[in-house]
1. Got a sec? Charge dipole of the chain, +1 on Cβ for Lys and Arg, -1 for Asp and Glu; which of T3, Y72, A30 is way out at the positive end?
2. Taking the Cα centre of the chain as the origin, how large is its charge dipole in debye, to the nearest 20, when only Lys and Arg (+1) and Asp and Glu (-1) carry charge on their Cβ atoms?
3. Count the net charge of all other residues whose Cβ sits under 12 Å from the Cβ of L15, scoring Lys and Arg as +1 and Asp and Glu as -1.
4. For a quick check: sort S68, S49, S93 by the number of other beta carbons within 10 angstrom, fewest at the front.
Amino acid sequence: METILIRYRVRPEHLAEHLRLLGAVHEELARTKPAGLRYLTVRLDGGRSFVEVAQGPDLPGPLPAMESFQRYRAGLDDRCDELSMVECTVTGSYGFVM
């Protein structure tokens, strides 16, 4: 199972748009329930910094085909003033569904 961690900070003028686009991704995931994909978004301190974790057997899996993800990803580089993506390995977890 692959795990990808994405860390980024959204520019203040794009925060409302970003939250709307990200919400649409999570709504589509909830509606379509793609098998084997796990996708978590955490907003740090209620601010502009976010961490996303995607996990699945074959990432990016169904994400690129999703309309909401295409809209979300299309302007992500422009909305952010920091962005990094790394593959990672979960080495332990307690009570967290992964």
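Read-outs throughout are calculated quantities, based only on the coordinates presented, and are distinct from any laboratory measurement. Being a predicted model, the structure only gives us computed values, none of them experimental. We place every Cβ from the backbone using ideal geometry, glycine too, and count neighbours over all the protein chains shown.
1. A30
2. Details: 12 positive and 14 negative charges, 49 e Å.
For the chain, the charge dipole is close to 240 debye.
3. Numbers: positive: R9, R11, R20, R43, R48, R79; negative: E13, E17, D81.
Local net charge: +3.
4. Working: S68 19, S49 15, S93 8.
Going from least to most buried by this count: S93, S49, S68.
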